[in-house]
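Accompanying notes for the structure given below.
The values are calculated or read from the model by the stated rules, or taken from the named source; none is laboratory data. As the structure is a prediction and not an experimental result, all values here were calculated from the model. All Cβ positions, glycine included, derive from the backbone under ideal geometry; neighbour counts span all protein chains shown.
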Ligand code: PLP
């Protein structure tokens, strides 16, 4: 692994001096962990910006006609957002604070979609005040709120994805208009409230497993465009294919299904296609380094306590343990492999990060490294039990991975 640049600062943590060319990720972790600038024993993240560059290339190659609006909820690390903006991404914000986070980086309000179909009035007013003029809706009441507080806003009708059981985290129960609601909603929004509905949006659910659900959703979006034509609504121009992507080989398969479906159902070359990828960009770019703060030996089994847990980066409802790689870094030369459990620091017995896994024996002050930790991790952290898992520092590097 070659370190090309190592710069930047996040949360007031200056990047410590890191080793030069030829170093491995383990060398890098050791050097940060033992650097005097790093607070001893504190967990930390490493963000590799070169992964983001590589993933944006991959996106542009697979989806040359789909503009990514990165879903800020997935990971709001400023250095990540800045890099994505520099690489040409726009942003999906779900709240007032996410909008401000993006705007405070100097990004234009025109680059933001307020992609939350149910927004508090104060958030709608804020969007109007700062010039975020693009949002989604899936209910009549939302139309009323937008009409009253932000009537200039352009809208996408969020529809329920047809079979989002094809993804690990379906969203269709909570979000999206049902087929029978589409005509009355379009009529109400455009012909009664006089708002501009400019397109359709869907999300097949996070971690999509079955590419064909995108095709079904695009076919359903086509039907909505047809209803709009029938109602005499000014021609809609935007199709938002949502998120659900990961940087795995399935991504190319999904892209080819989506591209083909767009050609089949939307031959109009003027259609603008956007997406809201979350997990795709940060998941593999972030590595979390935790610290062994306790140990107990029970017969053959060893239990460890680390300084990150389910009230921090390991929220079980959000991150996906099956994608995470675990690597212990021991200060000892050679250690025996044994059955181990890793607990988080809180006094909640549910706070277990990994149960009955094989690890070499570790000691106090050793490190346990978790790879692929960039999606829905630190941003979901809390201060539960007095453990502040919101301020874990992030060190930013740019490597050429081999
Ligand atoms: N857009 C919306 C409206 C979402 O609710 C989500 C995730 O919940 C995303 C985009 C990002 O999804 P993913 O991380 O699966 O790409």
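For the stretch 235-248, the condition holds for at least one residue, the condition being that it is in contact with a helix residue (DSSP H, G or I) (Cβ under 9 Å, 6 or more places away or on another chain) and loosely packed, with under 14 Cβ neighbours inside 10 Å. Does the stretch 265-286 contain any residue that is within 16 Å of the ligand (Cβ to nearest atom), over 30 Å from residue 392 (Cα atoms) and in a strand (DSSP E or B)? There is at least one residue in the stretch 265-286 that is within 16 Å of the ligand (Cβ to nearest atom), over 30 Å from residue 392 (Cα atoms) and in a strand (DSSP E or B).
For the stretch 194-226, residues that are more than 16 Å from the ligand (Cβ to nearest atom), buried (at least 18 other Cβ atoms within 10 Å of the Cβ) and farther than 19 Å from residue 270 by Cβ total 4. Being away from the ligand (no atom under 16 Å from the Cβ), part of a helix (DSSP H, G or I), more than 26 Å from residue 219 (Cβ to Cβ) and touching a strand residue (DSSP E or B) at 6+ places or on another chain (Cβ under 8 Å) is a property that residue 146 has.
Restricting to the stretch 287-318, and then to whatever is assigned to a loop (DSSP other than H, G, I, E, B) and more than 30 Å from residue 69 (Cβ to Cβ), can you tell me which residue is nearest to the ligand (Cβ to nearest atom)? For the stretch 287-318, the residue satisfying everything is 309. Restricting the stretch 79-96 to residues that are within 16 Å of the ligand (Cβ to nearest atom) and not in a helix (DSSP H, G or I), the residue that is surrounded by the most Cβ atoms within 10 Å (Cβ to Cβ) is 92.
Would you check which residues across the stretch 149-172 are assigned to a helix (DSSP H, G or I) and modelled with pLDDT under 95 and list them? The answer is 164, 165, 166. Within the stretch 256-278, residues that are within 21 Å of residue 206 (Cα to Cα) have Cβ atoms under 9 Å from residues that are more than 16 Å from the ligand (Cβ to nearest atom) and outside any helix (DSSP H, G or I) in these pairs: 259/64; 259/65; 262/65; 262/271; 273/65; 273/266, counting only partners at least 6 apart in sequence or on another chain. Number of residues in the stretch 173-193 that are modelled with pLDDT under 90 and away from the ligand (no atom under 11 Å from the Cβ): the value is 1. Among residues belonging to the stretch 357-374 that are in contact (Cβ under 8 Å) with a residue 24 or more places away in the chain and in a strand (DSSP E or B), point out the one that is farthest from residue 340 (Cα to Cα). Looking at the filtered set, the residue picked out is 371. Residue 132 meets each of the listed conditions (1) surrounded by fewer than 18 Cβ atoms within 10 Å (Cβ to Cβ); (2) in the same structural domain as residue 237 (by TED's automatic domain parsing); (3) assigned to a loop (DSSP other than H, G, I, E, B) apart from (1). Of all the listed residues (116, 76), the sole one being within 16 Å of the ligand (Cβ to nearest atom), under 24 Å from residue 392 (Cα atoms) and assigned to a loop (DSSP other than H, G, I, E, B) is 76.
From the set of residues in the stretch 65-78 that are touching a strand residue (DSSP E or B) at 6+ places or on another chain (Cβ under 6 Å) and buried (at least 18 other Cβ atoms within 10 Å of the Cβ), which is farthest from residue 374 (Cα to Cα)? Ranking the candidates gives 66 first.
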